[in-house]
Each structure stands twice: as C-alpha cells, then as structure tokens.
Amino acid sequence: MSAGAGLDGRTSVEDGRTLVEPEVQPGDVEPVVRPAEPPRTVSGRWRRGRVVGVAAVLCALLMAAHSLVPNGFGNLGSLWQTVLPWSGVAVVGLAVLAGVRRSALAAVAVLIPAVVWCSLFAGTLGDRRADGGNLTVVSHNVSEENPDPGRTARALAASGADVLALEELSRRSAPVYERELASSYPYFAVREGIGVWSKHPLSAVEPVEIMPWTRAVRATVGTPQGPVALYVAHLASVRVLPVGGFATAQRNEAAGKLADAVRAEKLPRVVVAGDLNGSVDDSALGSLTGLLRSAQEEAGDGFGFSWPASFPVVRIDQILVKGVTPVAAWTLPGTGSDHLPVATSLRL
C-alpha cells in the first residue's frame, strides 16, 4: 500500500509500517480513558459495614438484656421495655443498611438481633386462643374525655362479657353507664373513677389504697364455679418530660401497693384488670406482674396493643391472673375512648 490519504483518515509510514490515523473532525471530542476500577472482592465485602455490624450487636444486647437496662437516668429502662416489641423495626433498618453497603459482615451481624427478637416475640405473633372458658372479663379505660359514653356502654354490653371493669369514669359519665348497662348487668359498684359491672353477684367491694384518691377497687365475684377476687385498677399516668425523662415514680409506687394487696389476698383465684400505664415487660412493675400471669401473653393473638386507640403501639391495659386459666385474650374495636377495650376468657 502506498502512502497517501485513506478513507476519512490520514496515512503515514513509520518504520516501514503503514499506519492509518482516523481524521478528527471539527467538534469531535477525544475519548477520555479512565483507569479501570479494581474488582470488588469477597474480602472487601467482609471489611465494609463495620459500623452497621457494631450497631447490630449493641441492639441485640439491649434486647437480650432488656430487664437489666437501668432506670437511673430518666427511667430509660422502663421506656425501652415498654416499646420493646418495636425493636424489630430497628432490626429491619439495620438489614436495609447492610444491603445498601453490600456488606457480608453487616448482614451476618444483623442476624444476631433478628434471632434475639424472634426468641422474645415469635411465640407472641401466633394465635393462641382456644375455646372452653366460663368467665369473660373485659377491661376498658373509657376516658373522661369520651364524647359519647352511651355509645361506649352499648358496645361493651354487646361484647357479652360476664364482668366489665371500667376505669376513668367521671361524675358526668358514671350515671350514663349505670343506665345503659342496667339491663345486662344487674350487679354493679362504682367507687369514684372505678366501676365494676357483673352478671354474677358482687360482694366485699372496697377501695384499695394505692393513691391518695380511689384508683383501685377489690370485689368478690360470685361465679357458679366459686368466688373470684377481682381487682380493678388505674395506676398513675406516666409522662415523657424534657427534664426527668420517663416519669414513672408515682405509678411504680401505686403498683407496689397494689401488689401488697394481691399478695395478701385470701381467695386462690385472682384477676387484676385495668389501665396499668405500663407493659408487663416493664421491670419497674415487677412487684405486681411477678405475682401474676398475663392473659394476653398466655392466650392472646399477637401483641394486643391497646393505646392509643387510633393507632395502637403499646399495651398498657392489662388483665393479669392467678389460680385460673386464660383460654383466649383479645382486643375489642374502638368505642370512642383513647384506649381499646381488652378482653379475656377464663376457665375457672
């Protein structure tokens, strides 16, 4: 081939070889050659994600040792134990971060809190309800701010429960409940903000001194299977404060006094129902919950969250028992209160 112009290019002779150089047209951009990225290696995936891995291990430790989290500053232990079921959200978030980082180390580390969460709550997610109960108890904080107590009373009567344990009655609403429930529940007792309505005879109704004013009542329910001691309580409210954190001191003191009354109870069959303003996982309530069993944990379907009614995120309304067997536990639909009613069927 002779030196000369080629198609759309230039030719040149160099060291006896003919080279064809493409002709650069005006406006053309010379290609930019970037160095190739080093290939991602397996060892790189194990080195990345250390922060996520450490966070996963800490999360697992906090879940596994939740009862040991101290209540020193701001009662953080009680707060953490109250929202403990939602720790699963943190596990999901950590798993997403491990995926984004494409980190094998983080992925393996996230398995640790996932296993811990499942060990704590996997059994709770199933339906443990059964048939065979002969006493149904419903507990409900009906709310002093309830705009329609009549509607709430009718909904509770429609539940068919044998015993209704109501908290946060007001002077305005108590007569409404008495009127609406009279036909279905011939036996009732109201002591300030606490009320008991029953299809079975009530006796030995008396306040339990857990606070300076009446926030707990004890009654004997005369069932066909024998007497049952019923305690209905509304423990002091808790607050999350900028200074002081999770304020529970008054609630904890009231729980201790209620526990003393339950410990001194002479009847072998005991039911404690009410708004305890705390989870059964809250170690600060251990003086009370340690004496009893949770009907929801033993015979419920899921977590049974009861507050707030519009979007329940915690279970602070409890039915606790000893000397009887819960066969089913559930929450009822909203009634106009900021709490959902909770129910249990018991075998005496």
Please determine, by comparing only the residues of segment 157-174 that are in contact (Cβ under 8 Å) with a residue 60 or more places away in the chain and small (Gly, Ala, Ser), which one is surrounded by the fewest Cβ atoms within 10 Å (Cβ to Cβ). Ser159
Report, by residue number, each residue of segment 65-90 that is at pLDDT 85 or above and closer than 11 Å to Asp282 by Cβ. His66, Ser67, Val69, Gly77, Ser78, Leu79, Trp80, Gln81, Thr82, Val83, Leu84
Suppose we filter segment 265-306 for residues that are part of a loop (DSSP other than H, G, I, E, B) and not hydrophobic (A, V, I, L, M, F, W, C); how many remain? 14
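Let's see how each residue does on (1) assigned by TED's automatic domain parsing to the domain that holds Gly336; (2) modelled with pLDDT of 95 or more; (3) aliphatic (A, V, I, L, M); (4) under 21 Å from Val228 (Cα atoms):
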{"residue": "Val142", "(1), (2), (3), (4)": "yes, yes, yes, no"}
{"residue": "Asp148", "(1), (2), (3), (4)": "yes, yes, no, no"}
{"residue": "Ala155", "(1), (2), (3), (4)": "yes, yes, yes, no"}
{"residue": "Gly160", "(1), (2), (3), (4)": "yes, yes, no, yes"}
{"residue": "Pro175", "(1), (2), (3), (4)": "yes, yes, no, no"}
{"residue": "Ala182", "(1), (2), (3), (4)": "yes, yes, yes, no"}
{"residue": "Phe188", "(1), (2), (3), (4)": "yes, yes, no, yes"}
{"residue": "Pro201", "(1), (2), (3), (4)": "yes, yes, no, yes"}
{"residue": "Glu206", "(1), (2), (3), (4)": "yes, yes, no, yes"}
Does segment 189-200 hold any residues that are within 16 Å of Ser170 (Cα to Cα) and either crowded, with 22+ Cβ neighbours inside 10 Å or out of contact with any Ser or Thr (no Cβ under 6 Å at 6 or more places or on another chain) (or both), and which are they? Ala189, Val190, Gly193, Ile194, Gly195, Val196, Trp197
Residues located in segment 199-243, provided they are under 18 Å from Asp275 (Cα atoms) and β-branched (Val, Ile, Thr): Val208, Ile210, Thr214, Val217, Val232, Val238, Val240
Of the conditions (1) free of Cβ contacts under 8 Å to residues at least 24 places away in the same chain; (2) touching an Asp or Glu at 6+ places or on another chain (Cβ under 9 Å), Gly286 clears all except one; give me its number. (2)
Looking at segment 95-107, is at least one residue charged (D, E, K, R) and either exposed (fewer than 14 other Cβ atoms within 10 Å of the Cβ) or free of Cβ contacts under 8 Å to residues at least 40 places away in the same chain (or both)? yes
Index of the failed condition, Leu135 passing every other in (1) more than 23 Å from Leu230 (Cβ to Cβ); (2) touching a Lys or Arg at 6+ places or on another chain (Cβ under 9 Å); (3) crowded, with 20+ Cβ neighbours inside 10 Å: (1)
State which residue pairs qualify: first residue assigned by TED's automatic domain parsing to the domain that holds Ala264 and inside segment 310-332, second residue surrounded by fewer than 22 Cβ atoms within 10 Å (Cβ to Cβ) and among the basic types (Lys, Arg) in any location, beta carbons under 6 Å apart, and separation of 6 or more residues or different chains. Val321/Arg293; Gly323/Arg269; Val324/Arg269; Thr325/Arg347; Val327/Arg347; Ala328/Arg129
Of the residues in segment 122-174, those that are under 25 Å from Pro85 (Cβ atoms) and in a strand (DSSP E or B) come to Asp127, Val137, Val138, Ser139, His140, Asn141, Ala165, Glu167
Picked from segment 70-90 (must be of a type in the set (Gly, Ala, Ser) and part of a loop (DSSP other than H, G, I, E, B)), the residue surrounded by the fewest Cβ atoms within 10 Å (Cβ to Cβ) is Gly72
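The values are calculated or read from the model by the stated rules, or taken from the named source; none is laboratory data. The structure displayed is predicted, hence computed values, not measured ones. Here the Cβ is made from the backbone with ideal geometry for all residues, glycine too, and neighbour counts use every protein chain on show.
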